[in-house]
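Computed from the coordinates by the stated procedures, all read-outs in this text should not be read as laboratory data. Keep in mind it's a predicted model, so treat the numbers as computed, not measured. So basically every Cβ, Gly included, is an ideal-geometry build from the backbone, and we count neighbours across all protein chains shown.
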Amino acid sequence: MGIGIEEVRNSESTRRWFSSLLDLWGPSAVRPGLVETLARFCTVVEKTPDEIIDECLRATTGGDTFVLRTRARKQFMDQIDQFENQTASRDEANVVRSFFIHNGIAMNPSILV
Amino acid sequence: MEFNQVLGRHRTFQYFLPWRPVERDKVQVVLEAGRLASRAVNTAFSKAIVANRDSLTADERDRLKTPFSGTLFDTAPVCIFWYFDMDSRRVAVQERKWPTVASGALVEIGALGPPHGWSHRYVQNVVLPEVLMPGLDAGPQRGGNADAGLAMAQGLLAAYDEGLAACLAPFDEAGAREVLHVPDTWEPVMAMFLGYPADSWQAAGQEPRMPFEAMCFEGNAANPFVRDVAVEESMRAAGLIQRSAPLPWRQQEVRAVSRMLGLTQDE
Amino acid sequence: MEFKSVVGWRRSIRFFDPWRGVEREKVQCILEAIYRAPRVLEVDFVRVLVVERDRLSPEKMQALKTPTTTAQLDMAPVYVFFYADVSMLESALNGANFRELIRLGVLNPSHGWNERFVADTATPYLRAVVDDPDRVPLRPPSAGEEAGPMVSRETLRLARTAIGIAQEYALLAAFDQGLAAQLSGVSVNAARAILGIPDTWIPSSPMLLGYHGESREAGGQRPREPFEEDFFELRYPHPFYREPAVVQRLTAAEMIQAPAPFSWRMNEVRGLARKFGLPE
Ligand SMILES: Cc1cc2nc3c(=O)[nH]c(=O)nc-3n(C[C@H](O)[C@H](O)[C@H](O)COP(=O)(O)O)c2cc1C
């Protein structure tokens, strides 16, 4: 299953990501190619951006806060590592990590030495 | 002063010149230093109330005393009562008035950001509900807090750096609550007595500790950190390690200082 | 370095150069500083444990991480763990520490200290702390493990104060040595297993130690609530007046420094992300 670029671009979690990037780093952070990279990752895991985030954060009963699902997060972290190996690109993998982080899911990437 | 000399100055100072006041600006320096200590989630756990001895009546001082601090309350010109505010986490989380992790300030200023996995949304959606909010329903909990010790320690060292002598000792919690109008959610840490020393800066000499190797470990809790004598010597030269107690003249000094201050010399 | 300047330059550093180890002498200097820190009620609570990152297996490193632990753990070459051995309070009930201080002329009859006072007043004071009926388990029960032994909250109050004092001494000593440091939470259960921590030791956050991977300014001195929120005079809530001239003096001495955030901070953080291959 392929996930369309437009679907990725228009999903709520992508918009949230972009607005947080803009807010924190300024316009230069919303650079070309981000959506395409995320779409490639979505295709690999066969999920839309919103589905990915929903799997990692479960809304509490009140609905205004979330609980981090550590197992789901761990699974995606492993998948991002695989994605990094496949693409042979830390940059591409970090784009995906950035998407998670700005949606409220911390990542624990290794450092490049 | 040089950093290691400041640390090397620490003694359990017991004799303060009761007639020599502590300059107000030096007390402020102590507080300013305490304020800059490291603190978990950048929250104001540490609080302090400053009291000049002469602003307290003899009866009020008596109500503050414990067996460890009786004479100190009567001789040291200034006492800072250090506290841990057990309610400060709730205030940080619910009121978000000040720049803490809960308010998003550390992300805002670039102290913690996406390279570390943090974003505003992470703070709001995960750190708050999972780290900062659990347990708040139970209300203030006694049992101490390292942060209050961090702040007090930095204040203590600033006092030495300002040329003051200092002593940490416990005070009476209930008495202090009445005399100083302390909020119910504050748990005592220690009283810090400040003044100019009536004895020499060496006082009794540097005080004993358990063996270094019983306190410092490496790799695991069964493996003592092997102390290099050359480093120890360099710390002696830097002023951190000083002549250890007792100094040969100490008993004479104590008797003379006790006479000067009108304190008992009975054994 | 001048003391005030050390205080001013200390801030939580969150980027370390991972490839630059810390000289053993410098680690020992930090331990020597902690060793000279004041004891709470003359009890030897504090225990410090130095661990080199590169001696830990990848599995152990992973186990130490929590969802809020971040790349700092990978970056810092040395960790200094802090514990307080709460059983030391019970050991101090024999009054030996007090007696020694009397013998050395630290505690004197002028302040009431003598053999009788130790036996009748000072050690019963400690005994009341140990026996206080408000008690909690040293460790909450966790998967497959029973709760730790019971201890009074009053004991914890003293022990945690002792840890905090040691931590600030350690942080300052690190910066005095030209190093960078930060206290950071890790999984306490993993640390206990990996380091073989005895049952009676209570943990706090370890100090990560290394050389600055970011600028010393690290974006500026971190913000605090107003001074008047924390410091009072004689009776709460009468604030302790903050004299601007003192602030000026401390600014000149580098204790109070330019506040965060510097205008260039976010660009620095993005640069650091690239330096270490971390996400933006
Ligand atoms: C006990 C303790 C635990 C801490 N744990 C963390 C931590 O897990 N992660 C982190 O980034 N900072 C941690 N800090 C650092 C504080 O966030 C920091 O001291 C505070 O924001 C003030 O900033 P400054 O240290 O730069 O002055 C901790 C501080 C203390 C005292």
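The charge dipole of chain C, taken about its Cα centre with unit charges on the Cβ of Lys, Arg, Asp and Glu (plus for the first two, minus for the last two), comes to roughly 540 debye. From least to most packed, judged by other beta carbons within 10 angstrom and beginning with the fewest, B:His116, C:His238 follow the order C:His238, B:His116.
Backbone N atoms of the range C:144-188 closer than 20 Å to the 7 Å Cα→Cβ label point of C:Arg216 belong to residues C:169-183.
By the count of other C-beta atoms within 10 Å, a proxy for reagent exposure, C:Tyr35, C:Tyr211 are ordered fewest to most as C:Tyr211, C:Tyr35. Oblate is the label for chain C. Its Cα gyration tensor axes, ordered a ≥ b ≥ c, give a/c of at least 1.5 and b/c at or above a/b.
Out of the DSSP beta bridges found with both residues in the protein assembly as shown, what percent are antiparallel (nearest 5)? Mind showing how you got there, number by number?
Details: 50 of 58 bridges.
So the antiparallel bridges amount to about 85 percent of the total.
Rounded, prolate or oblate for the range B:108-150? Axes are the square roots of the Cα gyration tensor eigenvalues, ordered a ≥ b ≥ c, and the cut-off for rounded is a/c under 1.5. Judged from the Cα gyration tensor, the range B:108-150 comes out oblate (a/c at least 1.5, b/c at or above a/b). Note that the range C:49-63 has calculated 3J(HN,Hα) couplings of 9, 9, 10, 8, 3, 6, 8, 9, 5, x, 5, 5, 4, 4, 5 Hz, one per residue in order, obtained from phi through the Karplus relation 6.51 cos²θ - 1.76 cosθ + 1.60 (θ = phi - 60°); glycine and proline are x.
Eigenvalues of the Cα gyration tensor times 5, then square-rooted: what semi-axes does that give for the range A:10-113, in whole angstrom, largest first?
Working: eigenvalues 86, 61, 34 Å².
Calculated on Cα positions only, the semi-axes equal 21, 17, 13 Å.
Among the listed pairs B:Lys65/C:Lys4; A:Lys47/A:Lys74; C:Lys60/C:Lys275; B:Lys47/B:Lys97; A:Lys47/C:Lys60, those whose Cα-Cα separation exceeds 27 Å are B:Lys65/C:Lys4; A:Lys47/C:Lys60. Please grab the % of Cα pairs in chain B that end up more than 27 Å from each other. Value for chain B: 51 percent of Cα pairs lie more than 27 Å apart. Placing +1 on the Cβ of every Lys and Arg and -1 on the Cβ of every Asp and Glu, with nothing else charged, gives the range B:3-200 a dipole about its Cα centre of roughly 360 debye. The label-point distance for C:Phe227 and C:Gln248, in a model that sets each label 7 Å from Cα toward Cβ, rounds to 1.3 nm.
What 222 nm value per residue comes from the helices of chain B, counting each DSSP H run with n ≥ 4 as -39,500 (n - 2.57) and dividing by all residues, nearest 500 deg cm²/dmol? Don't jump to the answer; show the numbers that get you there.
On the way: 11 runs with 93 residues, N = 267.
Using -39500 (n - 2.57) per qualifying helix, the result is -9500 deg cm²/dmol.
When chain B is treated as a Gaussian network with alpha carbon springs shorter than 10 Å, the biggest mean-square fluctuation among B:Val123, B:Val231, B:Val257 belongs to B:Val231.
Determine the calculated [θ] at 222 nm for chain A from helices alone, applying -39500 (n - 2.57) to every DSSP H run no shorter than 4 residues and normalising by the residue count; nearest 500 deg cm²/dmol. Let's see the in-between values first.
Numbers: 6 runs with 71 residues, N = 113.
After summing the helix terms and dividing by the residues of chain A, the value is -19500 deg cm²/dmol.
For the residue pair C:Gln62 and B:Lys97, what label-to-label distance in nm results when each label sits 7 Å from Cα along the Cα-to-beta-carbon direction? In this crude label model, C:Gln62 to B:Lys97 measures out at 4.6 nm. Between C:His238 and A:Ser89, the FRET efficiency from the beta-carbon distance, with R0 = 60 Å, is close to 0.50. Look at the dipole of the range C:29-164 built from charges on Cβ: of C:Thr155, C:Leu64, C:Ala76, the Cα furthest out on the positive end belongs to C:Ala76. Charge dipole (Cα centre; +1 on Lys/Arg Cβ, -1 on Asp/Glu Cβ; no other charges) of the range C:143-280 amounts to roughly 260 debye. So what does the Cα-only Debye profile of the protein assembly as shown read at q = 0.05, 0.07, 0.10 Å⁻¹, as log10 I(q)/I(0), no solvent term? Debye output, listed in q order: -0.24, -0.47, -0.92. Looking at C:Gly8, C:Ala143, C:Val186, which one has the Cα that reaches farthest to the positive end of the dipole of the range C:3-213 (charges on Cβ: Lys, Arg +1; Asp, Glu -1)? Value: C:Gly8.
Considering only A:Ser89, A:Ser11, A:Ser19, give the residue with the highest GNM mean-square fluctuation for chain A, with springs between Cα atoms whenever their separation is below 10 Å. Per the Cα network of chain A with a 10 Å cutoff, A:Ser89 tops the list. Approximating the spin labels as points 7 Å out from Cα along Cα→Cβ, the C:Leu93-to-B:Trp19 distance works out to 4.7 nm. Using a Gaussian network model of chain B with C-alpha springs under 10 Å, which one of B:Arg227, B:Arg142, B:Arg39 is most mobile by mean-square fluctuation? Most flexible of the set in this elastic network: B:Arg227. Long hydrophobic helices in chain B: the complete DSSP H runs spanning 15 Å or more by Cα along their own axis with mean Kyte-Doolittle hydropathy of at least 0.0 are B:146-161. Of the residues B:Phe217, B:Ala203, B:Val257, the one whose Cα sits farthest toward the positive end of the charge dipole of the range B:143-264, with +1 on the Cβ of Lys and Arg and -1 on the Cβ of Asp and Glu, is B:Val257.
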